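Before any comments, here is the structure.
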Amino acid sequence: MNSCVTGLQWGDEGKGKVVDVLAEQSDVVVRYAGGANAGHTVVIEDNKFSLHLLPSGVVRSGITCVIANGVVLDAGEVIEEIEKLKKENIDLVGRLLISENAHVVMDYHKLEDQLRENALGKNKIGTTIRGIGPCYADKIGRSYAIRVSDLLYPDKLKEKLDKIIAYKNKMFAGLYSAEPIDTGKIYQSCLEHGKKLKPFITDTTEFLHSAIDSGKSVLFEGAQGALLDIDHGTFPFVTSSNASSLGMSSGCGVPARYVDKFIGVVKAYTTRVGGGPFPTEQDNEIGQRIRERGNEYGTTTGRPRRCGWFDAVAASYSARIGSIDEIALLHLDTLSGFEELKICTAYEIDGKRVEFFPANSEKLFRAKCVYKTVEGWSDDLTNITNFEDLPKQAKNYVKTVEQATSRPVKIIGVGPGREQTIYR
Ligand code: IMP
(Lines give C-alpha, C1' and ligand atoms only; values in the text may rest on other atoms or scores of the structure.)
Protein backbone atom coordinates (compact mmCIF):
# COMPACT_ATOMS: atom_id res chain seq x y z
CA MET A 1 0.00 0.00 0.00
CA ASN A 2 1.53 3.32 -1.08
CA SER A 3 0.02 6.59 0.16
CA CYS A 4 0.60 10.25 -0.43
CA VAL A 5 -0.18 12.89 2.21
CA THR A 6 -0.54 16.50 1.16
CA GLY A 7 -1.97 19.73 2.57
CA LEU A 8 -5.12 21.09 0.95
CA GLN A 9 -4.86 24.65 2.28
CA TRP A 10 -1.96 27.12 2.51
CA GLY A 11 0.36 24.82 4.47
CA ASP A 12 0.70 24.12 8.20
CA GLU A 13 -2.29 21.75 8.17
CA GLY A 14 -0.51 19.30 10.47
CA LYS A 15 0.67 16.82 7.82
CA GLY A 16 3.51 15.79 10.15
CA LYS A 17 1.08 14.25 12.61
CA VAL A 18 -0.72 12.27 9.90
CA VAL A 19 2.56 11.16 8.32
CA ASP A 20 3.86 10.15 11.73
CA VAL A 21 0.84 7.94 12.34
CA LEU A 22 0.94 6.38 8.85
CA ALA A 23 4.71 5.92 8.94
CA GLU A 24 4.18 3.14 11.44
CA GLN A 25 2.90 0.96 8.59
CA SER A 26 5.45 2.16 6.00
CA ASP A 27 8.90 1.02 4.97
CA VAL A 28 9.91 4.20 3.19
CA VAL A 29 8.94 7.88 3.68
CA VAL A 30 9.71 10.32 0.86
CA ARG A 31 9.89 14.13 0.77
CA TYR A 32 9.43 15.24 -2.80
CA ALA A 33 9.20 19.06 -2.85
CA GLY A 34 10.03 22.26 -1.00
CA GLY A 35 12.98 22.86 1.25
CA ALA A 36 13.82 24.29 4.65
CA ASN A 37 10.78 26.58 4.36
CA ALA A 38 8.72 23.69 5.76
CA GLY A 39 8.82 22.76 9.39
CA HIS A 40 7.51 20.15 11.74
CA THR A 41 8.19 19.31 15.33
CA VAL A 42 9.13 15.85 16.56
CA VAL A 43 9.26 14.80 20.17
CA ILE A 44 11.94 12.40 21.38
CA GLU A 45 11.75 11.53 25.06
CA ASP A 46 10.18 14.84 26.02
CA ASN A 47 12.67 16.78 23.86
CA LYS A 48 11.14 18.77 21.04
CA PHE A 49 13.01 19.18 17.75
CA SER A 50 12.07 21.37 14.84
CA LEU A 51 12.93 19.65 11.59
CA HIS A 52 12.78 21.40 8.24
CA LEU A 53 14.18 18.96 5.71
CA LEU A 54 14.25 15.48 7.16
CA PRO A 55 11.05 13.53 6.44
CA SER A 56 8.67 12.98 9.36
CA GLY A 57 9.39 9.23 9.55
CA VAL A 58 12.96 9.88 10.55
CA VAL A 59 12.58 9.17 14.25
CA ARG A 60 11.16 5.68 13.68
CA SER A 61 13.77 2.99 13.37
CA GLY A 62 13.40 0.66 10.42
CA ILE A 63 12.10 3.33 8.06
CA THR A 64 14.19 4.51 5.14
CA CYS A 65 13.80 8.24 4.57
CA VAL A 66 14.27 9.75 1.15
CA ILE A 67 14.87 13.36 0.17
CA ALA A 68 14.04 13.18 -3.51
CA ASN A 69 15.09 15.23 -6.52
CA GLY A 70 12.25 17.77 -6.25
CA VAL A 71 13.47 19.09 -2.90
CA VAL A 72 15.82 22.06 -2.71
CA LEU A 73 18.41 21.10 -0.14
CA ASP A 74 19.98 23.50 2.31
CA ALA A 75 23.04 21.33 2.94
CA GLY A 76 24.10 23.10 6.16
CA GLU A 77 20.59 22.78 7.57
CA VAL A 78 20.20 19.08 6.77
CA ILE A 79 23.63 18.33 8.29
CA GLU A 80 22.58 20.16 11.45
CA GLU A 81 19.39 18.08 11.63
CA ILE A 82 21.33 14.83 11.04
CA GLU A 83 23.79 15.76 13.81
CA LYS A 84 21.03 16.77 16.22
CA LEU A 85 19.44 13.34 15.84
CA LYS A 86 22.81 11.62 16.15
CA LYS A 87 23.15 13.17 19.60
CA GLU A 88 19.87 11.44 20.44
CA ASN A 89 21.40 8.13 19.27
CA ILE A 90 19.48 8.20 15.99
CA ASP A 91 22.09 7.41 13.33
CA LEU A 92 20.79 8.01 9.82
CA VAL A 93 23.61 6.41 7.81
CA GLY A 94 21.96 3.72 5.69
CA ARG A 95 18.49 5.06 6.57
CA LEU A 96 18.57 8.47 4.90
CA LEU A 97 18.96 8.76 1.14
CA ILE A 98 19.44 12.12 -0.55
CA SER A 99 18.95 12.47 -4.28
CA GLU A 100 22.10 13.35 -6.19
CA ASN A 101 19.83 15.36 -8.49
CA ALA A 102 18.23 17.58 -5.85
CA HIS A 103 19.30 21.22 -6.15
CA VAL A 104 21.29 22.94 -3.44
CA VAL A 105 20.15 26.13 -1.71
CA MET A 106 23.27 28.26 -1.43
CA ASP A 107 23.89 31.21 0.89
CA TYR A 108 23.55 33.54 -2.08
CA HIS A 109 20.02 32.22 -2.65
CA LYS A 110 19.04 33.24 0.88
CA LEU A 111 20.66 36.63 0.35
CA GLU A 112 18.82 37.05 -2.96
CA ASP A 113 15.52 36.10 -1.28
CA GLN A 114 16.09 38.75 1.39
CA LEU A 115 17.27 41.48 -1.01
CA ARG A 116 14.33 40.91 -3.32
CA GLU A 117 11.74 40.90 -0.55
CA ASN A 118 13.22 44.12 0.88
CA ALA A 119 13.16 45.76 -2.52
CA LEU A 120 9.52 44.76 -3.09
CA GLY A 121 8.46 46.58 0.07
CA LYS A 122 4.71 46.43 0.53
CA ASN A 123 4.39 44.16 -2.51
CA LYS A 124 6.61 41.48 -1.01
CA ILE A 125 5.47 37.84 -1.07
CA GLY A 126 6.30 37.31 2.58
CA THR A 127 8.66 34.39 1.95
CA THR A 128 10.45 32.46 4.67
CA ILE A 129 13.80 33.88 3.40
CA ARG A 130 15.13 30.34 3.11
CA GLY A 131 16.30 30.93 -0.47
CA ILE A 132 13.58 28.73 -1.93
CA GLY A 133 12.44 30.93 -4.84
CA PRO A 134 15.94 31.90 -6.03
CA CYS A 135 17.12 28.26 -5.87
CA TYR A 136 14.16 26.95 -7.90
CA ALA A 137 14.63 29.87 -10.32
CA ASP A 138 18.24 28.80 -10.89
CA LYS A 139 17.08 25.20 -11.35
CA ILE A 140 14.63 26.21 -14.06
CA GLY A 141 17.15 28.64 -15.58
CA ARG A 142 19.73 25.79 -15.64
CA SER A 143 22.90 27.84 -16.30
CA TYR A 144 23.61 28.82 -12.69
CA ALA A 145 22.45 25.79 -10.74
CA ILE A 146 24.23 23.53 -8.26
CA ARG A 147 22.96 20.01 -7.70
CA VAL A 148 23.79 17.78 -4.75
CA SER A 149 26.11 15.62 -6.89
CA ASP A 150 28.18 18.73 -7.69
CA LEU A 151 29.25 18.85 -4.04
CA LEU A 152 31.25 15.66 -4.61
CA TYR A 153 33.42 16.94 -7.48
CA PRO A 154 35.67 19.75 -6.17
CA ASP A 155 37.27 20.87 -9.45
CA LYS A 156 34.06 21.12 -11.43
CA LEU A 157 32.33 22.70 -8.44
CA LYS A 158 34.97 25.44 -8.26
CA GLU A 159 34.54 26.17 -11.97
CA LYS A 160 30.78 26.42 -11.60
CA LEU A 161 30.91 28.55 -8.48
CA ASP A 162 33.35 31.04 -10.04
CA LYS A 163 30.95 31.55 -12.93
CA ILE A 164 27.82 31.72 -10.78
CA ILE A 165 29.19 34.04 -8.12
CA ALA A 166 30.60 36.46 -10.71
CA TYR A 167 27.09 36.60 -12.18
CA LYS A 168 25.35 36.97 -8.81
CA ASN A 169 27.75 39.71 -7.70
CA LYS A 170 26.97 41.74 -10.82
CA MET A 171 23.28 41.25 -10.25
CA PHE A 172 23.36 42.07 -6.52
CA ALA A 173 25.49 45.20 -7.09
CA GLY A 174 23.40 46.40 -10.03
CA LEU A 175 19.98 45.80 -8.55
CA TYR A 176 20.52 46.21 -4.84
CA SER A 177 23.93 47.97 -4.44
CA ALA A 178 24.94 44.98 -2.29
CA GLU A 179 28.50 44.13 -1.24
CA PRO A 180 30.16 41.34 -3.31
CA ILE A 181 30.12 37.84 -1.88
CA ASP A 182 33.25 35.75 -1.58
CA THR A 183 33.59 32.53 -3.61
CA GLY A 184 36.31 31.08 -1.36
CA LYS A 185 34.16 30.80 1.74
CA ILE A 186 31.21 29.34 -0.15
CA TYR A 187 33.46 26.85 -1.95
CA GLN A 188 35.02 25.68 1.32
CA SER A 189 31.65 25.13 2.97
CA CYS A 190 30.40 23.23 -0.11
CA LEU A 191 33.42 20.90 0.12
CA GLU A 192 32.74 20.29 3.78
CA HIS A 193 29.03 19.69 3.11
CA GLY A 194 29.92 17.28 0.28
CA LYS A 195 32.16 15.24 2.61
CA LYS A 196 29.52 15.05 5.33
CA LEU A 197 26.66 14.21 2.98
CA LYS A 198 28.54 11.68 0.82
CA PRO A 199 27.27 8.62 2.72
CA PHE A 200 23.68 9.70 2.04
CA ILE A 201 23.86 10.76 -1.61
CA THR A 202 22.48 8.33 -4.17
CA ASP A 203 20.09 7.78 -7.07
CA THR A 204 16.82 7.90 -5.13
CA THR A 205 14.64 7.26 -8.21
CA GLU A 206 16.31 3.89 -8.70
CA PHE A 207 15.94 3.13 -5.00
CA LEU A 208 12.23 4.01 -4.99
CA HIS A 209 11.44 1.89 -8.02
CA SER A 210 13.23 -1.14 -6.62
CA ALA A 211 11.50 -0.61 -3.25
CA ILE A 212 8.11 -0.55 -4.99
CA ASP A 213 9.01 -3.57 -7.15
CA SER A 214 9.89 -5.55 -4.04
CA GLY A 215 6.53 -4.76 -2.43
CA LYS A 216 7.71 -2.19 0.12
CA SER A 217 5.15 0.26 1.40
CA VAL A 218 6.01 3.84 0.48
CA LEU A 219 4.59 7.00 2.01
CA PHE A 220 5.00 10.22 0.01
CA GLU A 221 5.02 13.35 2.16
CA GLY A 222 4.12 16.70 0.65
CA ALA A 223 5.42 19.99 2.01
CA GLN A 224 3.34 23.20 2.31
CA GLY A 225 -0.15 22.96 0.77
CA ALA A 226 -1.89 22.79 -2.59
CA LEU A 227 -2.87 26.48 -2.52
CA LEU A 228 0.84 27.36 -2.37
CA ASP A 229 1.55 25.29 -5.52
CA ILE A 230 3.54 27.32 -8.05
CA ASP A 231 1.24 26.33 -10.92
CA HIS A 232 -2.10 25.75 -9.23
CA GLY A 233 -1.98 27.97 -6.15
CA THR A 234 -2.66 31.64 -5.53
CA PHE A 235 0.23 32.94 -7.65
CA PRO A 236 2.39 34.95 -6.99
CA PHE A 237 1.67 34.39 -3.29
CA VAL A 238 2.84 30.80 -3.47
CA THR A 239 6.01 28.85 -2.91
CA SER A 240 8.19 27.90 -5.86
CA SER A 241 7.50 24.17 -6.05
CA ASN A 242 4.53 21.99 -6.97
CA ALA A 243 3.38 21.73 -3.38
CA SER A 244 0.17 19.85 -4.25
CA SER A 245 0.25 16.10 -4.82
CA LEU A 246 0.65 16.90 -8.52
CA GLY A 247 4.31 17.52 -7.68
CA MET A 248 4.81 14.01 -6.38
CA SER A 249 5.63 12.32 -9.68
CA SER A 250 8.07 14.88 -10.99
CA GLY A 251 9.48 15.39 -7.51
CA CYS A 252 10.57 11.80 -7.02
CA GLY A 253 10.28 10.00 -10.36
CA VAL A 254 7.43 7.70 -9.30
CA PRO A 255 4.22 7.94 -11.38
CA ALA A 256 1.02 8.71 -9.46
CA ARG A 257 -0.51 5.40 -10.59
CA TYR A 258 1.66 3.65 -7.99
CA VAL A 259 -0.11 5.51 -5.20
CA ASP A 260 -3.06 3.59 -3.74
CA LYS A 261 -4.38 6.37 -1.55
CA PHE A 262 -4.09 10.15 -1.62
CA ILE A 263 -4.85 11.70 1.76
CA GLY A 264 -5.56 15.42 1.96
CA VAL A 265 -4.94 17.18 5.27
CA VAL A 266 -6.95 20.23 6.34
CA LYS A 267 -7.47 22.09 9.55
CA ALA A 268 -11.07 22.55 10.71
CA TYR A 269 -10.51 26.24 9.88
CA THR A 270 -8.08 27.95 7.52
CA THR A 271 -4.72 29.67 8.07
CA ARG A 272 -2.08 31.23 5.94
CA VAL A 273 1.23 33.03 6.50
CA GLY A 274 2.68 35.65 4.23
CA GLY A 275 0.76 37.82 1.81
CA GLY A 276 -1.94 36.97 -0.68
CA PRO A 277 -5.71 36.56 -0.92
CA PHE A 278 -7.52 34.73 1.86
CA PRO A 279 -11.30 35.02 1.31
CA THR A 280 -12.41 33.55 4.65
CA GLU A 281 -9.87 35.47 6.75
CA GLN A 282 -11.15 36.80 10.07
CA ASP A 283 -8.84 39.68 10.84
CA ASN A 284 -10.74 40.29 14.05
CA GLU A 285 -11.54 38.74 17.41
CA ILE A 286 -12.62 35.44 15.81
CA GLY A 287 -9.29 35.07 14.01
CA GLN A 288 -7.42 36.04 17.16
CA ARG A 289 -9.31 33.44 19.17
CA ILE A 290 -8.49 30.70 16.66
CA ARG A 291 -4.82 31.81 16.64
CA GLU A 292 -4.49 31.61 20.41
CA ARG A 293 -6.45 28.39 20.86
CA GLY A 294 -4.70 26.68 17.93
CA ASN A 295 -1.25 28.15 18.71
CA GLU A 296 -1.09 29.40 15.15
CA TYR A 297 2.48 30.65 14.99
CA GLY A 298 4.95 29.46 12.32
CA THR A 299 7.39 26.59 13.08
CA THR A 300 9.97 28.00 10.69
CA THR A 301 9.60 31.76 11.16
CA GLY A 302 7.54 32.15 14.35
CA ARG A 303 5.22 34.53 12.47
CA PRO A 304 1.59 34.73 13.68
CA ARG A 305 -0.59 32.97 11.10
CA ARG A 306 -3.60 34.64 9.56
CA CYS A 307 -6.73 32.73 10.60
CA GLY A 308 -10.24 32.32 9.19
CA TRP A 309 -13.21 30.03 8.64
CA PHE A 310 -13.01 26.74 6.78
CA ASP A 311 -13.04 27.39 3.06
CA ALA A 312 -14.72 24.46 1.35
CA VAL A 313 -14.41 26.06 -2.09
CA ALA A 314 -10.63 26.07 -1.72
CA ALA A 315 -10.45 22.62 -0.09
CA SER A 316 -12.67 21.03 -2.77
CA TYR A 317 -10.45 22.47 -5.48
CA SER A 318 -7.31 21.13 -3.80
CA ALA A 319 -8.99 17.77 -3.33
CA ARG A 320 -9.88 17.63 -7.03
CA ILE A 321 -6.50 18.55 -8.41
CA GLY A 322 -4.84 16.31 -5.83
CA SER A 323 -6.91 13.22 -6.61
CA ILE A 324 -7.75 13.09 -2.91
CA ASP A 325 -9.48 9.92 -1.70
CA GLU A 326 -9.99 10.94 1.89
CA ILE A 327 -9.55 13.85 4.23
CA ALA A 328 -7.79 14.17 7.57
CA LEU A 329 -9.49 17.02 9.46
CA LEU A 330 -7.24 18.32 12.21
CA HIS A 331 -7.63 20.79 15.06
CA LEU A 332 -11.34 20.14 15.51
CA ASP A 333 -10.80 20.76 19.25
CA THR A 334 -9.62 24.31 18.48
CA LEU A 335 -13.14 25.25 17.42
CA SER A 336 -14.72 24.38 20.81
CA GLY A 337 -16.37 27.35 22.44
CA PHE A 338 -17.79 29.15 19.42
CA GLU A 339 -21.55 29.61 19.54
CA GLU A 340 -21.74 29.25 15.78
CA LEU A 341 -19.29 28.31 13.05
CA LYS A 342 -19.14 29.19 9.39
CA ILE A 343 -18.08 27.18 6.37
CA CYS A 344 -17.60 28.94 3.04
CA THR A 345 -19.45 27.01 0.33
CA ALA A 346 -19.26 29.47 -2.58
CA TYR A 347 -17.85 32.87 -3.53
CA GLU A 348 -19.47 35.81 -5.13
CA ILE A 349 -17.08 37.46 -7.56
CA ASP A 350 -18.14 40.48 -9.59
CA GLY A 351 -21.77 39.69 -8.83
CA LYS A 352 -21.53 36.05 -9.97
CA ARG A 353 -21.74 32.94 -7.81
CA VAL A 354 -18.54 30.88 -8.13
CA GLU A 355 -18.17 27.34 -6.82
CA PHE A 356 -14.94 26.29 -8.54
CA PHE A 357 -11.97 27.93 -6.81
CA PRO A 358 -10.28 30.38 -9.16
CA ALA A 359 -6.51 30.04 -8.70
CA ASN A 360 -6.14 33.66 -9.70
CA SER A 361 -5.23 36.10 -6.98
CA GLU A 362 -6.88 39.10 -8.61
CA LYS A 363 -10.24 37.32 -8.71
CA LEU A 364 -9.76 35.98 -5.19
CA PHE A 365 -9.03 39.43 -3.77
CA ARG A 366 -12.52 40.39 -5.00
CA ALA A 367 -14.26 37.25 -3.71
CA LYS A 368 -17.01 37.61 -1.13
CA CYS A 369 -17.81 34.46 0.82
CA VAL A 370 -21.15 32.70 0.87
CA TYR A 371 -21.29 30.93 4.22
CA LYS A 372 -23.22 28.06 5.66
CA THR A 373 -23.64 28.68 9.39
CA VAL A 374 -23.77 25.74 11.77
CA GLU A 375 -24.17 25.42 15.49
CA GLY A 376 -20.99 25.30 17.59
CA TRP A 377 -20.23 23.30 20.75
CA SER A 378 -18.59 24.13 24.04
CA ASP A 379 -17.36 20.67 25.12
CA ASP A 380 -13.67 19.85 25.36
CA LEU A 381 -12.93 17.29 22.61
CA THR A 382 -9.34 16.52 23.49
CA ASN A 383 -9.98 13.18 25.20
CA ILE A 384 -12.49 11.80 22.71
CA THR A 385 -11.26 8.86 20.65
CA ASN A 386 -14.52 7.69 19.12
CA PHE A 387 -16.51 9.59 16.49
CA GLU A 388 -19.83 8.65 18.07
CA ASP A 389 -18.72 10.28 21.35
CA LEU A 390 -18.31 13.72 19.77
CA PRO A 391 -21.03 16.26 20.60
CA LYS A 392 -23.73 16.22 17.93
CA GLN A 393 -22.77 19.70 16.70
CA ALA A 394 -19.15 18.58 16.14
CA LYS A 395 -20.36 15.48 14.25
CA ASN A 396 -22.56 17.75 12.17
CA TYR A 397 -19.58 20.04 11.49
CA VAL A 398 -17.54 17.09 10.20
CA LYS A 399 -20.45 15.94 8.02
CA THR A 400 -20.86 19.46 6.62
CA VAL A 401 -17.17 19.45 5.64
CA GLU A 402 -17.67 16.07 3.96
CA GLN A 403 -20.67 17.30 2.01
CA ALA A 404 -19.03 20.54 1.00
CA THR A 405 -15.85 18.84 -0.21
CA SER A 406 -17.46 15.60 -1.53
CA ARG A 407 -14.78 13.61 0.28
CA PRO A 408 -15.03 11.38 3.35
CA VAL A 409 -13.32 12.57 6.52
CA LYS A 410 -11.52 9.47 7.80
CA ILE A 411 -9.14 10.96 10.35
CA ILE A 412 -10.04 13.65 12.90
CA GLY A 413 -7.49 15.41 15.09
CA VAL A 414 -8.61 16.56 18.54
CA GLY A 415 -5.22 17.55 19.96
CA PRO A 416 -1.50 17.50 19.17
CA GLY A 417 -0.79 14.02 20.59
CA ARG A 418 -0.76 10.90 18.41
CA GLU A 419 -3.42 9.36 20.60
CA GLN A 420 -5.69 12.40 20.15
CA THR A 421 -6.86 11.08 16.82
CA ILE A 422 -10.23 9.67 15.81
CA TYR A 423 -10.38 7.13 12.98
CA ARG A 424 -13.59 6.39 11.10
P1 IMP B 1 8.86 30.61 0.31
O2 IMP B 1 8.46 29.21 0.12
O3 IMP B 1 9.82 30.82 1.46
O4 IMP B 1 9.38 31.24 -0.94
O5 IMP B 1 7.56 31.47 0.71
C6 IMP B 1 6.51 31.70 -0.21
C7 IMP B 1 5.17 31.69 0.48
O8 IMP B 1 4.89 30.38 0.96
C9 IMP B 1 5.08 32.61 1.70
O10 IMP B 1 3.77 33.12 1.80
C11 IMP B 1 5.36 31.66 2.85
O12 IMP B 1 4.81 32.14 4.06
C13 IMP B 1 4.65 30.42 2.35
N14 IMP B 1 5.22 29.19 2.95
C15 IMP B 1 6.38 28.59 2.65
N16 IMP B 1 6.54 27.49 3.39
C17 IMP B 1 5.47 27.39 4.17
C18 IMP B 1 5.05 26.42 5.14
O19 IMP B 1 5.71 25.42 5.44
N20 IMP B 1 3.86 26.67 5.73
C21 IMP B 1 3.06 27.73 5.41
N22 IMP B 1 3.42 28.64 4.51
C23 IMP B 1 4.61 28.48 3.89
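The values are calculated or read from the model by the stated rules, or taken from the named source; none is laboratory data. None of these values were measured; they are calculated from a predicted model. So basically every Cβ, Gly included, is an ideal-geometry build from the backbone, and we count neighbours across all protein chains shown. SASA here: full protein model, heavy atoms, side chains in, ligands and nucleic acids out. Shrake-Rupley method; radii C 1.70, N 1.55, O 1.52, S 1.80 Å.
Just to confirm my numbers, what's the Cα centroid distance between the range 212-253 and the range 134-161 in Å?
The distance from the Cα centre of the range 212-253 to that of the range 134-161 comes to 23 Å.
If I build a Gaussian network model for the chain, linking alpha-carbon pairs within less than 10 angstrom, which residue out of Tyr153, Tyr317, Tyr269 has the largest mean-square fluctuation?
Looking only at Tyr153, Tyr317, Tyr269, the biggest GNM fluctuation is shown by Tyr153.
What order do you get for 338-344, 308-314 when each peptide is scored by the mean count of other beta carbon atoms within 10 Å, highest first?
The most tightly packed comes first, giving 308-314, 338-344.
Can you list the equivalent-ellipsoid semi-axes of the range 99-158, largest first and in whole Å, using the square root of 5 times each Cα gyration tensor eigenvalue?
Output for the range 99-158: semi-axes of 26, 10, 9 Å.
Once the whole set of protein chains is in place, how much accessible area is left on Met248, using a 1.4 Å probe, in Å² to the nearest 10?
Counting only protein heavy atoms, the figure is 0 Å².
Any idea what the dipole of the range 191-277 comes to, in debye rounded to 20, about its Cα centre with Lys/Arg Cβ at +1 and Asp/Glu Cβ at -1?
Charge dipole of the range 191-277: 260 debye, to the nearest 20.
Just to confirm my understanding: which cysteines in the chain have no other cysteine beta carbon less than 4.7 Å from their beta carbon?
If one checks each Cβ against the other cysteines of the chain, Cys4, Cys65, Cys135, Cys190, Cys252, Cys307 turn up with nothing under 4.7 Å.
Roughly how big is the range 332-424's charge dipole about its Cα centre, with Cβ charges of +1 (Lys, Arg) and -1 (Asp, Glu), in debye to the nearest 20? Intermediate results must be reported in sequence, preceding the final value.
Details: 14 positive and 14 negative charges, 102 e Å.
Computed about the Cα centre, the dipole is about 480 debye.
What whole-number distance in Å separates the alpha-carbon centres of the range 346-424 and the range 18-57?
Rounded to whole Å, the Cα centres lie 25 Å apart.
Semi-axes of the equivalent ellipsoid of the range 326-424: what are they in whole Å, largest first, if each equals the square root of 5 times a C-alpha gyration tensor eigenvalue?
Numbers: eigenvalues 168, 42, 27 Å².
After diagonalising the Cα gyration tensor, the semi-axes are 29, 14, 12 Å.
Putting +1 on Lys and Arg Cβ atoms and -1 on Asp and Glu Cβ atoms, find which of Pro199, Ala173, Gly215 reaches farthest to the positive end of the dipole of the range 133-238.
Ala173
Given a 1.4 Å probe and every protein chain left where it sits, what share in percent of the accessible area of the chain is carbon and sulfur?
Numbers: 8600 of 18260 Å².
Answer for the chain is 47 percent, counting heavy atoms of protein chains only.
At 1.4 Å probe size, with every protein chain present, just tell me what the per residue accessible area of the range 231-351 comes to in Å².
35
Any idea what diffusion coefficient the range 33-131 gets from Stokes-Einstein, in µm²/s, Kirkwood Rh on alpha carbon pairs, 4 °C, 1.567 mPa s?
My calculation gives 88 µm²/s for D.
Give, in whole angstrom and from largest to smallest, the semi-axes √(5λ) of the equivalent ellipsoid of the range 368-424, with λ running over the eigenvalues of the Cα gyration tensor.
For the range 368-424, the ellipsoid semi-axes come out as 21, 14, 10 Å.
May I ask you to give the average projected area over all directions of the convex hull of the Cα atoms of the range 109-238, in nm² rounded to one decimal?
Mean projected area for the range 109-238: 10.2 nm², to one decimal.
With +1 assigned to the C-beta of every Lys and Arg and -1 to the C-beta of every Asp and Glu, and no other charges, what is the dipole magnitude of the range 118-175 about the Cα centre in debye, to the nearest 20?
Computed about the Cα centre, the dipole is about 200 debye.
Roughly how compact is the range 1-86, stated as its Cα Rg over 2.2 N^0.38 Å to two decimals?
1.03
How much accessible surface does Thr345 have with a 1.4 Å probe, in Å² rounded to 10?
Estimated to the nearest 10 Å², Thr345 gives 50 Å².
In vacuum, with every alpha carbon of the range 203-325 counted as one equal point scatterer, what does the Debye formula give for log10 I(q)/I(0) at q = 0.13 Å⁻¹? Two decimals, please.
Log10 of I(q)/I(0), two decimals: -0.61.
Taking a point 7 angstrom from the Cα of Asn89 along the C-beta vector, which residues in the range 21-46 have backbone N less than 20 Å away?
42-46
Can you give the helix-only mean residue ellipticity at 222 nm for the chain, where every DSSP H stretch with n ≥ 4 adds -39500 (n - 2.57) and the sum goes over all residues, rounded to the nearest 500 deg cm²/dmol?
Roughly -10000 deg cm²/dmol at 222 nm, from the helical runs in the chain.
In terms of solvent-accessible area of protein heavy atoms at a 1.4 angstrom probe, what is the ranking of Leu191, Leu96, highest value first? Numbers along the way, then the final one.
Working: Leu191 40, Leu96 0 Å².
Putting Leu191, Leu96 in descending order of accessible area: Leu191, Leu96.
Packing-wise, with mean Cβ within 10 Å as the measure, how do 12-22, 285-295 rank, highest first? Mind showing how you got there, number by number?
Values: 12-22: 23.2, 285-295: 16.5.
Sorting 12-22, 285-295 by mean packing, highest first, produces 12-22, 285-295.
Take the Cα radius of gyration of the range 39-95 and divide it by 2.2 N^0.38 Å, with N its residue count; two decimals is plenty.
1.06
Could you put Asp155, Asp74, Asp91 in order of accessible surface area, largest first, with the 1.4 Å probe and the full protein assembly present?
Ranked list, largest accessible area first: Asp155, Asp91, Asp74.
What does the chain give for Rg and for Dmax, in Å, if only its C-alpha atoms count?
Over the chain's Cα set, Rg and Dmax evaluate to 21.6, 67 Å.
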